[in-house]
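Here is the structure we will look at.
The values are calculated or read from the model by the stated rules, or taken from the named source; none is laboratory data. The model shown is predicted, which means the values in this text are computed figures rather than measured ones. Backbone-built Cβ (ideal geometry, glycine too); neighbour counts: all protein chains shown. SASA here: full protein model, heavy atoms, side chains in, ligands and nucleic acids out. Shrake-Rupley method; radii C 1.70, N 1.55, O 1.52, S 1.80 Å.
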Amino acid sequence: MSDKIKVENLSCFYGKHRVLESLNINVVKNEILTIIGPANSGKTSFLRTLNRMNDFNPDYSREGAVYLDNDNIFEMNTEKLRKRVGMLFAMPIPLPMTIYENIVYAPKRLGVVAGKKSDQDAVVEQALKDASLWDEVKDRLDSSAMKLSGGQQQRLCIARILAINPEVILFDEPCSGLDPISTAKVEESMIELKEKYTIVLVTNNVKQASRVGDRTAFFLMGKLVELDKTGTMFVSPKQKQTEDYITGRFG
C-alpha cells in the first residue's frame, strides 16, 4: 500500500517548549493509524499539525515537512488543505441549526455541492449513511441538531466532515465523552470509513486502539517510541516503555 501522509523530521514548539521532536512517520492509504501515549506526549499537537490548526497560535512554530501524497501541506492554501483533511474533535459541536443544514453548510460554502436541492439531498443522505446515522434521523432532518444525543451529535459531526468528501479524517479522542454503546457505533463507523478514507485516530483508550487500529504509534514526551502493526505491538511490543504503557504500569 502507498503512503498517504509522510512526515519528515517534524519538530513543533510552543514558544521555546518543544512538544514534538524529529518525528518521522508515515500513514498508509486506507488504514486506521491509532496514536497512543500519556498526557503531554504530543499526540494532539501532531494531529493539529496535519491540517494546520496550530497555525492560528502565535506561539506555535515548526520545523520539517509533511507531505499529503506529494504535496507539502505547509505550502498549500489552508482552505484547500482542509477540504482534503477533515478533523473531528473530542467534544461534538453541532451548529445551532437543523440536522440537514448542519450537513450542507460546509459543502455549500466550499462549493463542493451545487445549489440544487436534489444534489444537496443526495449529499445529506450519503453522509449520514456513511456516519451510521441515517436510519436514526431520516424522518427528522428539519429538527434541531441540538436535540440529538451526545453520541448522535458526534456521528453528525462525522457526517459533516464526510459531506465535503475529504481524503483523510483526523479523530482527536472522539469517544472520550461517550457511553459504551455510542462509542461502539463510532468505532464501527471508523472501520467502515477506512474503505474510502485514510484515518488517523488519537485515543487515550488503549483498548480502543487495539480494536480499530491497523497500525499503532506510541508517543512519549514528544517522540515516536514505536510504530508497528497493532496486533504485533499489543502482543509483543519491542520497547519496554511501550509495554509498560499498554499494560497500565504508567500513563
_Condition check: open to solvent by 10 Å² or more (accessible area, probe 1.4 Å), within 19 Å of Ile199 (Cβ to Cβ) and either not in a strand (DSSP E or B) or not hydroxyl-bearing (Ser, Thr, Tyr) (or both). Does Asn9 satisfy that?_
no
_Checking Leu141 against (1) outside any loop (DSSP other than H, G, I, E, B); (2) open to solvent by 20 Å² or more (accessible area, probe 1.4 Å); (3) at pLDDT 90 or above, the condition it does not meet_ = (1)
*Which of the following residues is aliphatic (A, V, I, L, M), in contact with a Cys (Cβ under 9 Å, 6 or more places away or on another chain) and either within 20 Å of Phe89 (Cβ to Cβ) or open to solvent by 10 Å² or more (accessible area, probe 1.4 Å) (or both): Val200, Val186?*
Val186
*Could you tell me whether region 203-215 includes any residue that is open to solvent by less than 10 Å² (accessible area, probe 1.4 Å), modelled with pLDDT of 90 or more and touching a helix residue (DSSP H, G or I) at 6+ places or on another chain (Cβ under 6 Å)?*
yes
*Restricting attention to region 107-117, does a residue exist that is closer than 20 Å to Ala217 by Cβ and not charged (D, E, K, R)?*
no
_From the options Ile169, Ile191, residue that is open to solvent by 60 Å² or more (accessible area, probe 1.4 Å), within 18 Å of Gly213 (Cα to Cα) and in contact with a strand residue (DSSP E or B) (Cβ under 8 Å, 6 or more places away or on another chain)_ = Ile191
*Do we find that Met76 is among the aliphatic types (A, V, I, L, M) and open to solvent by 50 Å² or more (accessible area, probe 1.4 Å) in this structure?*
no
*Given (1) surrounded by 20 or more Cβ atoms within 10 Å (Cβ to Cβ); (2) modelled with pLDDT under 95; (3) among the charged types (D, E, K, R), number of the condition Lys4 does not satisfy*: (2)
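Farther than 30 Å from Gly248 by Cα, over 13 Å from the mean Cα position of the chain (by Cα) and touching a residue at least 24 places away in the same chain (Cβ under 8 Å): which single residue out of Arg140, Arg211 fits that description?
Arg140
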*If we keep just the residues of region 144-188 that are over 15 Å from Glu101 (Cα atoms) and of a type in the set (Gly, Ala, Ser), which is modelled with the lowest pLDDT?*
Gly177
_Filter result for Asn54 (modelled with pLDDT under 95, polar (S, T, N, Q) and assigned to a helix (DSSP H, G or I))_ = yes
*What tally of residues in region 92-125 results from selecting those that are under 20 Å from Leu193 (Cβ atoms) and either open to solvent by 90 Å² or more (accessible area, probe 1.4 Å) or basic (Lys, Arg) (or both)?*
1
_Take residues that are within 21 Å of Ile5 (Cα to Cα) and among the polar types (S, T, N, Q) and tell me which of the strands (runs of 3 or more DSSP E) falling wholly in region 174-251 contain 1 or more._
198-202, 215-220
